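Okay, structure first, notes after.
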Amino acid sequence: MAHVFVYGTLKTGQPNHKVLRDGANGRAAFRGQGRTLEPHPLVIAGEHNIPWLLNLPGRGLRVLGEIYAVDERMLRFLDEFEGCPDMYQRTRVRIAVLEWEGARSVPEGTPVLEWEGARSAPEGTPAADGTLQCFVYSTATYSPEWVHLPYHDSYDSQGEHGLRYNSRESR
């Protein structure tokens, strides 16, 4: 079981959230809301208006997202889905937990796939300081001009930024 922090199109209500709900990809369970402990630049870039978390800790904004507990199969699927390691790289980031649902409950409308032992697993709770180490898909391989794009603290594909995400199905 690993924790993954999602900040873009994989979040609830966003275009790619369905892959976290698809049991064929592995298992994922919503655990809570969080924000990166350190600022990072979250930009929307490229011809498909993809959200990118630039691997520049200490620069940008503290980014809001969701925390999921995933099994090994889902983690492997997400690596492939995110084009890891070429497009994105999976790294560990400290997340400040804002709301912790754990396995007890989830926000209304968020499907949860539970698996044997998930409700009683002792690991995977936030530290005493309210933080949690999570995997995140960020990138160190980006165009230099991306650093100068507007930074966002939260992503919504239909947001006021006006940069509509071009889904994989539409490309």
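So the check is Cβ under 6 Å with 6+ separation or different chains; which pairs have a first residue in region 37-55 that's of a type outside the set (S, T, N, Q) and a second one that's open to solvent by 30 Å² or more (accessible area, probe 1.4 Å) and in a strand (DSSP E or B)?
Going by the 6 Å Cβ cut-off, the qualifying pairs are LEU37/ARG94; PRO39/LEU61.
List the pairs whose first member sits in region 6-19 and is at negative phi, whose second member is crowded, with 18+ Cβ neighbours inside 10 Å and among the acidic types (Asp, Glu), and whose Cβ atoms are under 6 Å apart, counting only residues at least 6 apart or on separate chains?
Qualifying pairs under 6 Å: VAL6/GLU66; LYS11/GLU66.
Can you pull out the residues in region 160-171 that are open to solvent by less than 70 Å² (accessible area, probe 1.4 Å) and closer than 17 Å to LEU10 by Cβ?
Those that are open to solvent by less than 70 Å² (accessible area, probe 1.4 Å) and closer than 17 Å to LEU10 by Cβ: TYR165, ASN166, SER167.
Any idea how many residues of region 79-94 are in contact with a Cys (Cβ under 8 Å, 6 or more places away or on another chain) and open to solvent by less than 40 Å² (accessible area, probe 1.4 Å)?
Summing the residues that are in contact with a Cys (Cβ under 8 Å, 6 or more places away or on another chain) and open to solvent by less than 40 Å² (accessible area, probe 1.4 Å) in region 79-94 gives 1.
What are the residues in region 143-159 that are open to solvent by less than 80 Å² (accessible area, probe 1.4 Å) and over 25 Å from GLY34 (Cα atoms), if any?
Answer for region 143-159, where residues must be open to solvent by less than 80 Å² (accessible area, probe 1.4 Å) and over 25 Å from GLY34 (Cα atoms): just SER143.
Would you be able to say whether some residue in region 113-122 is of a type in the set (Gly, Ala, Ser), open to solvent by 20 Å² or more (accessible area, probe 1.4 Å) and at pLDDT 95 or above?
No, that holds for no residue.
Please go through region 49-60 and pick out each residue that is within 12 Å of TYR165 (Cα to Cα) and open to solvent by 40 Å² or more (accessible area, probe 1.4 Å).
none
Filter region 18-33 for residues that are farther than 14 Å from CYS134 by Cβ and open to solvent by 10 Å² or more (accessible area, probe 1.4 Å) and give the result.
Of everything in region 18-33, those that are farther than 14 Å from CYS134 by Cβ and open to solvent by 10 Å² or more (accessible area, probe 1.4 Å) turn out to be LYS18, VAL19, ARG21, ASP22, GLY23, ALA24, ASN25, ARG27.
For GLU99, which of the numbered conditions (1) surrounded by fewer than 18 Cβ atoms within 10 Å (Cβ to Cβ); (2) assigned to a strand (DSSP E or B); (3) out of contact with any Phe, Trp or Tyr (no Cβ under 9 Å at 6 or more places or on another chain); (4) at pLDDT 95 or above fails to hold?
That leaves (4) as the condition not met.
Restricting attention to region 127-159, and to residues there that are of a type outside the set (A, V, I, L, M, F, W, C) and over 20 Å from the mean Cα position of the chain (by Cα), which single residue is nearest to LEU10 (Cα to Cα)?
Among residues in region 127-159 that are of a type outside the set (A, V, I, L, M, F, W, C) and over 20 Å from the mean Cα position of the chain (by Cα), the one nearest to LEU10 (Cα to Cα) is SER143.
How about region 126-171: which of its residues are in a loop (DSSP other than H, G, I, E, B) and among the acidic types (Asp, Glu)?
Within region 126-171, ASP129, ASP153, ASP156, GLU160 meet the criteria.
The values are calculated or read from the model by the stated rules, or taken from the named source; none is laboratory data. Please read these numbers as outputs of a predicted model, since none were measured by experiment. Note that we place each Cβ from the backbone using ideal geometry, even for glycine, and neighbour counts take in every protein chain shown. Heavy atoms of the whole protein, side chains included, go into the accessibility calculation; ligands, DNA and RNA do not. Shrake-Rupley method; radii C 1.70, N 1.55, O 1.52, S 1.80 Å.
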